[in-house]
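Single-structure report; data block below.
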Amino acid sequence: MKATLAPSSLISLPRHKVSSLRSPSLLIQSQRPSSALMTTMKTASRGSVAVTAAATSSVEALREGIAEFYNETSGLWEEIWGDHMHHGFYDPDSSVQLSDSGHREAQIRMIEESLRFAGVTEEKKIKRVVDVGCGIGGSSRYIASKFGAECVGITLSPVQAKRANDLAAAQSLSHKVSFQVADALEQPFEDGMFDLVWSMESGEHMPDKAKFVKELVRVAAPGGRIIIVTWCHRNLSQGEEALQPWEQNLLDRICKTFYLPAWCSTSDYVNLLQSLSLQDIKCADWSENVAPFWPAVIRTALTWKGLVSLLRSGMKSIKGALTMPLMIEGYKKGIIKFGIITCQKPL
Amino acid sequence: MRLITHNMLSCNIKGVANGFPLKIEAESVIEKEVDFNPDFLRHMFAKIEWKALVEAARSLGYSELPEDSPAAAAEDESLLKKLHHALLELHLEEGALVCPETGRRFPVTRGIPNMLLHEDEV
């Protein structure tokens, strides 16, 4: 059944329709604690055909929306920020206002800190890596160079895949890295292929977190490591069923412009990994380490070059830029968390 | 798309048991020279699905690779050169990758395979 929603109509939908886009029964409800997460999935599988059909149409629409969003905005991002489409990692409470190159270094540091947190070192003999939600391939090229590993990246955006391959060729890395258009929820790889499964700030886009995690685990080799770095909402407290309405409201507004489905928490990821019997599961809240990032992005957007580029780039970019203060608000109020979750697949 | 990538891709349609290797329909193939790196190739050798590579190379018009994976590849420079050419220098620019079980075609456009599944395939 083809999707009836055209991607451009996602922006102009009134709020209630966006909510139904975000939360058909097959999707994870961000409000529910982890045990209910599993119940939701079981209920969905017994759900009516009509609900399922509507749900999968909206998933297809989300997928198209994400592809179009990145087709439109990747060039702009690269022009201003370079080839890493993720947060920088900073020392907490660093009040020094960094230069552009300082932020770029912070983005490299994010990769290094993530590898270190997961215990992935040179000695681990990383030979094959998959970059799930690879953007224009910054992480892939960096990791392939660092470990001399083969890296394959997947993205929904053909524009990103092309750019990623072109950059690899320009850096003489084409024999080591390649990029394809594919869906993280259906990775086009056999089981157990990768020593390292890398998802750097792509988890936010996955409408079905359980399926996303299952695929990450499936393609990981026995003994391989999985690294998920992602935006989450805060963990729910004991007895708390859902986020507060005002918190949910803030996230809803961000979801609309960034093509995000429902958010989940770091604990939800940990629970999913536990349910799949992964070992050495670790997580951390790096919200304090990314605090300078969005203010810096806004500053670059407000420069002359930034504004001109935004206007040239189109409505999705402009709306994205206008949403950035909401990210800062979300972090400041403790609703949005920047989380890392890592684990190892048993041998 | 190079064959080093093709050697890793498979069809993930629900219910498909044998989605690897994907057959190749080649419409446009180009050759791009790459520096010969024998160490890299020796390193790669153990991980390559050899029969899949031979068949794929043939689809792109290159039939020089031996049918069976040679035992002493590390020392055989002429074999390494052939492996280098097949794995890294042949590019499928336009065409399709075809699931061996269902016949489903995944288009390759401007060198990039599109492996997205339709709703009824997941």
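One residue is enough: does the range A:76-97 have a residue meeting the conditions closer than 27 Å to A:Cys255 by Cβ, of a type in the set (Asp, Glu) and part of a helix (DSSP H, G or I)?
Within the range A:76-97, one or more residues are closer than 27 Å to A:Cys255 by Cβ, of a type in the set (Asp, Glu) and part of a helix (DSSP H, G or I).
For the structure I just gave you, tell me whether B:Lys47 is within 11 Å of another protein chain (Cβ to nearest Cβ), part of a loop (DSSP other than H, G, I, E, B), among the charged types (D, E, K, R) and over 22 Å from B:Val108 (Cα atoms).
In short, yes.
Would you pick out the residues in the range A:97-129 that are surrounded by fewer than 16 Cβ atoms within 10 Å (Cβ to Cβ), closer than 21 Å to A:Glu150 by Cα and touching a Lys or Arg at 6+ places or on another chain (Cβ under 9 Å)?
A:Glu112, A:Gly119, A:Glu122 - these are the residues of the range A:97-129 that are surrounded by fewer than 16 Cβ atoms within 10 Å (Cβ to Cβ), closer than 21 Å to A:Glu150 by Cα and touching a Lys or Arg at 6+ places or on another chain (Cβ under 9 Å).
Looking only at residues in the range B:1-44 that are of a type in the set (S, T, N, Q) and touching a strand residue (DSSP E or B) at 6+ places or on another chain (Cβ under 8 Å), which one is farthest from B:Val108 (Cα to Cα)?
Across the range B:1-44, the extreme among qualifying residues is B:Asn12.
Residues checked against (1) more than 11 Å from chain B (Cβ to nearest Cβ); (2) of a type in the set (S, T, N, Q); (3) open to solvent by 10 Å² or more (accessible area, probe 1.4 Å); (4) farther than 26 Å from B:His85 by Cβ:
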{"site": "A:Tyr142", "(1), (2), (3), (4)": "yes, no, yes, yes"}
{"site": "A:Pro188", "(1), (2), (3), (4)": "no, no, no, no"}
{"site": "A:Glu201", "(1), (2), (3), (4)": "yes, no, yes, yes"}
{"site": "A:Glu204", "(1), (2), (3), (4)": "yes, no, yes, yes"}
{"site": "A:Lys214", "(1), (2), (3), (4)": "yes, no, yes, yes"}
{"site": "A:Ile227", "(1), (2), (3), (4)": "yes, no, no, yes"}
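When the residues of the range B:29-41 are narrowed to those that are out of contact with any helix residue (DSSP H, G or I) (no Cβ under 7 Å at 6 or more places or on another chain), open to solvent by 40 Å² or more (accessible area, probe 1.4 Å) and not in a loop (DSSP other than H, G, I, E, B), which ends up nearest to the other protein chains (Cβ to nearest Cβ)?
B:Asp39
Based on what the data block shows, is A:Val181 in contact (Cβ under 8 Å) with a residue 12 or more places away in the chain, within 15 Å of the chain's Cα centre (by Cα) and either within 26 Å of B:Glu119 (Cα to Cα) or buried (at least 22 other Cβ atoms within 10 Å of the Cβ) (or both)?
Considered against the rule, which asks whether it is in contact (Cβ under 8 Å) with a residue 12 or more places away in the chain, within 15 Å of the chain's Cα centre (by Cα) and either within 26 Å of B:Glu119 (Cα to Cα) or buried (at least 22 other Cβ atoms within 10 Å of the Cβ) (or both), A:Val181 comes out as no.
Going residue by residue through the range B:2-24, is there one that turns out to be on the phi > 0 side of the Ramachandran plot and outside any strand (DSSP E or B)? So that I can check it myself, show each step before the final result.
Filtering the range B:2-24 down to residues on the phi > 0 side of the Ramachandran plot leaves B:15.
When the remaining residues are screened for being outside any strand (DSSP E or B), the result is B:15.
Within the range B:2-24 (the criterion being on the phi > 0 side of the Ramachandran plot and outside any strand (DSSP E or B)), the answer is yes, since at least one residue qualifies.
Could you list, ordered by first residue, the pairs with Cβ atoms under 7 Å in which the first is in the range B:91-118 and within 12 Å of chain A (Cβ to nearest Cβ) and within 20 Å of B:Gly61 (Cα to Cα) and the second is among the charged types (D, E, K, R) and assigned to a strand (DSSP E or B), at least 6 apart or interchain?
Note: pairs meeting the criteria are B:His91/B:Arg2; B:Val108/B:Glu94; B:Thr109/B:Glu94; B:Arg110/B:Glu93; B:Gly111/B:Glu93.
Anything in the range A:149-177 that is in a loop (DSSP other than H, G, I, E, B), facing chain B (nearest Cβ under 9 Å) and touching a helix residue (DSSP H, G or I) at 6+ places or on another chain (Cβ under 8 Å)? List them, or say none.
At the first step, the residues of the range A:149-177 found to be in a loop (DSSP other than H, G, I, E, B) are A:149, A:156-157, A:171-176.
If we keep only those that are facing chain B (nearest Cβ under 9 Å) as well, we get A:156, A:172, A:174-176.
Of everything in the range A:149-177, those that are in a loop (DSSP other than H, G, I, E, B), facing chain B (nearest Cβ under 9 Å) and touching a helix residue (DSSP H, G or I) at 6+ places or on another chain (Cβ under 8 Å) turn out to be A:Leu156, A:Ser174, A:His175, A:Lys176.
How many residues does the range A:178-191 hold that are in contact with a helix residue (DSSP H, G or I) (Cβ under 7 Å, 6 or more places away or on another chain) and part of a loop (DSSP other than H, G, I, E, B)?
4
When you look at A:Ser199, is it more than 14 Å from B:His6 (Cα to Cα) and in a strand (DSSP E or B), yes or no?
Here the answer is yes, as A:Ser199 does meet what is asked.
Conditions: (1) away from every other protein chain (no Cβ under 13 Å); (2) assigned to a helix (DSSP H, G or I); (3) open to solvent by less than 50 Å² (accessible area, probe 1.4 Å). B:Lys82 meets all but one. Number of the miss?
The failed condition is (3).
Looking at B:Ala71, B:Ala17, B:Ala57, which is the one that is open to solvent by 70 Å² or more (accessible area, probe 1.4 Å), of a type in the set (A, V, I, L, M, F, W, C) and either more than 14 Å from chain A (Cβ to nearest Cβ) or free of Cβ contacts under 8 Å to residues at least 40 places away in the same chain (or both)?
Only one candidate qualifies: B:Ala71.
Yes/no per residue for (1) open to solvent by 40 Å² or more (accessible area, probe 1.4 Å); (2) in contact with a Ser or Thr (Cβ under 8 Å, 6 or more places away or on another chain):
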| site | (1), (2) |
| --- | --- |
| A:Thr266 | no, no |
| A:Tyr269 | no, yes |
| A:Ser275 | yes, no |
| A:Leu278 | no, no |
| A:Arg299 | yes, no |
| A:Thr303 | yes, no |
| A:Ile318 | yes, no |
| A:Glu329 | yes, no |
| A:Lys337 | yes, yes |
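The values are calculated or read from the model by the stated rules, or taken from the named source; none is laboratory data. Remember, predicted model here, so these are calculated numbers, not experimental data. Don't worry about glycine lacking a Cβ; one is built from the backbone with ideal geometry, like all the others, and counts go over all protein chains shown. Please note that ligands, DNA and RNA were not included when accessible areas were found on the heavy atoms of the full protein model with its side chains. Shrake-Rupley method; radii C 1.70, N 1.55, O 1.52, S 1.80 Å.
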